[in-house]
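The block underneath contains the structure these notes are about, expressed in structure tokens.
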Amino acid sequence: MGINPMEMMKVATRMKKFQEQHPKAIAFLQFVGQNAIKEDSVIAVKVTDPEGKEYESNIRITADDLETIQILKSMKQG
């Protein structure tokens, strides 16, 4: 499966827009990515919908996850 250049351009455009609309979120994710994402770290996510219903989940970071993160980082840099 190859990477579709047009789809990658769409993703890049959407990510730029997301960063413009949510600069604190991007800064937080960058800080956490550089300082806190280590093996056995736990990432917890909570979403509250407009009606107030809450959804929560978490994952414990594994060595495989760290490898995936490194691949994604190298794609961004490349």
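The values are calculated or read from the model by the stated rules, or taken from the named source; none is laboratory data. Everything quoted here is computed from the prediction, not taken from an experiment. Cβ coordinates were reconstructed from backbone atoms using ideal geometry, including for glycine residues, and neighbour counts include every protein chain displayed.
Do you know which residues across segment 48-75 are surrounded by 10 or more Cβ atoms within 10 Å (Cβ to Cβ) and of a type in the set (S, T, Y)? Answer for segment 48-75, where residues must be surrounded by 10 or more Cβ atoms within 10 Å (Cβ to Cβ) and of a type in the set (S, T, Y): T48, T62, T68. Whenever a residue of segment 60-78 is at pLDDT 85 or above, its partners that are surrounded by 11 or more Cβ atoms within 10 Å (Cβ to Cβ), lying with C-beta atoms within less than 7 angstrom and at least six residues away or across chains, give the pairs I61/I37; I61/E39; I61/S41; I61/I43; T62/E39; A63/E39; L66/E39; I69/I37. Within segment 18-37, residues that are of a type in the set (A, V, I, L, M) sit with their Cβ atoms under 8 Å from residues that are at pLDDT below 90 and assigned to a helix (DSSP H, G or I), at 6+ positions apart or across chains, in these pairs: I37/I69.
Applying the condition of being polar (S, T, N, Q) and over 15 Å from the mean Cα position of the chain (by Cα) to segment 1-40 and asking which residue is nearest to D65 (Cα to Cα) yields N4.
Quick grid of which residues meet (1) touching a Phe, Trp or Tyr at 6+ places or on another chain (Cβ under 9 Å); (2) surrounded by 10 or more Cβ atoms within 10 Å (Cβ to Cβ):
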position	(1), (2)
M9	no, yes
Q19	no, yes
I26	yes, yes
L29	no, yes
V32	no, yes
A36	no, yes
V42	no, no
K46	yes, no
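One residue stands out in segment 34-78 among those that are assigned to a loop (DSSP other than H, G, I, E, B) and among the β-branched types (V, I, T): the one that is farthest from T13 (Cα to Cα), namely T62.
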